[in-house]
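Q: Take this structure, written in structure tokens, and hold onto it; I'll ask about it next.
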Amino acid sequence: MRLICPGCGLTASAEAWLNDVYARDLLLVVVRLPHPLPEACLPYLGLFRPESKALSWKKAKNIVTALAQLVGSGHVQVQGKPSRPCPPRIWAEAMGQMLDRRDRITRPMPNHNYLRQVAWQLADEADAKGEKQRNENERAGNQSRERIASTSPLAKLMGFEEE
């Protein structure tokens, strides 16, 4: 089986790509990312590549390892703003938005700070939408049993004890 790098056009067998320890480690980190991130992160890596040369396997591995740590927290934090829940689908959507804007991004990117900003914006919008839905449900009298149990001092009397 022969693989072709879409960035530089290098053609080599799959075994050749795995001969480099950093390439092997990179692939292991990528396949361990939660869905849908493996598909999104490889094109995203191109934003870290200098215009005049290829991205080294070692640097690519370090970038994806840092990305895995960001995603693994389950939240996104931007300086001066509250932390927001951020599932993998939001991280992938943020990467997609960045790729759509790649002509306006100064490359090579030095870190994931811009990704964090885009992901935070998306997570903030999702959080606001979820909060709006919860508020509408409460106004309509559709509180969940968990919400009643956690907010009402009469929950025990009403049979909504926390388990």
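Each reported figure results from applying straightforward, stated rules to the coordinates on display, with no laboratory input. Because the structure is predicted, anything quoted here is derived from the model rather than measured. Positions of Cβ are backbone-derived with ideal geometry, glycine not excepted, and every protein chain shown enters the neighbour counts.
Q: Short version: ³J(HN,Hα) in whole Hz for each residue of the stretch 69-82, in order, from phi by Karplus 6.51 cos²θ - 1.76 cosθ + 1.60 (θ = phi - 60°), x for Gly and Pro, what are they?
A: Each residue's phi maps through the Karplus curve to give 5, 4, 5, x, 6, x, 9, 10, 10, 10, 3, x, 10, x Hz.
Q: Under 5 Å between amide hydrogens, which residues at least 5 positions from Leu3 or on another chain qualify, with H placed 1.01 Å from N in the peptide plane?
A: Ala12, Ser13, Ala14
Q: Using θ = phi - 60° and the Karplus relation 6.51 cos²θ - 1.76 cosθ + 1.60, list the HN-Hα couplings for the stretch 122-128 in order, rounded to whole Hz, with x at every Gly or Pro.
A: With coefficients 6.51, -1.76 and 1.60, one gets 5, 5, 5, 5, 5, 5, 5 Hz.
Q: Something else: How many nm is it between the label spots at Gln77 and Glu15, if each spot is 7 Å from the Cα in line with the beta carbon?
A: 4.7
Q: Could you pull out every residue, at least 5 positions away or on a different chain, whose amide H is within less than 5 Å of the one on Ala54? Hs are placed 1.01 Å off N in the peptide plane, and Pro or chain starts have none.
A: Sorted by chain and number, the residues that satisfy this come to none at all.
Q: List, in order, the whole-Hz ³J(HN,Hα) value for each residue of the stretch 85-98 obtained from phi through the Karplus relation with A = 6.51, B = -1.76, C = 1.60 and θ = phi - 60°; use x for Gly and Pro.
A: Result, ordered by residue: x, 9, x, x, 4, 6, 4, 5, 5, 5, 4, x, 5, 5 Hz.
Q: Under 13 Å from the Cβ of Gly96, count the other residues' Cβ atoms, weight Lys and Arg +1, Asp and Glu -1, and hand me the total.
A: Working: positive: Arg89, Arg101, Arg102; negative: Glu39, Glu93, Asp100.
Surrounding charge for Gly96 is 0.
Q: I would also like to ask the following. With +1 on each Lys and Arg Cβ and -1 on each Asp and Glu Cβ, and nothing else charged, work out how big the dipole of the stretch 2-158 is about its Cα centre, in Debye to the nearest 20. Please report the intermediate quantities before stating the final value.
A: Numbers: 23 positive and 15 negative charges, 42 e Å.
Its charge dipole is roughly 200 debye.
Q: Next question, about the same structure. Over the C-alpha atoms of the stretch 1-120, what are the Rg and the largest Cα-to-Cα span, Dmax, in Å?
A: Taking only Cα atoms of the stretch 1-120, I get Rg and Dmax of 14.7, 49 Å.
Q: Quick one: which residues, 5 or more positions from Met109 or on another chain, have an amide H under 5 Å from its amide H? H modelled 1.01 Å from N in the peptide plane, none for Pro or chain starts.
A: Phe48, Arg49
Q: Next up: Grab the Cα-Cα distance for Asn111 and Ser56, subtract it from 0.36 nm times how many residues apart they are, and report the gain in nm with one decimal. Spell out each step's value before the answer.
A: Working: separation 55, 0.36 × 55 = 19.80 nm, distance 1.52 nm.
Gain on extension, Asn111 to Ser56, equals 18.3 nm.
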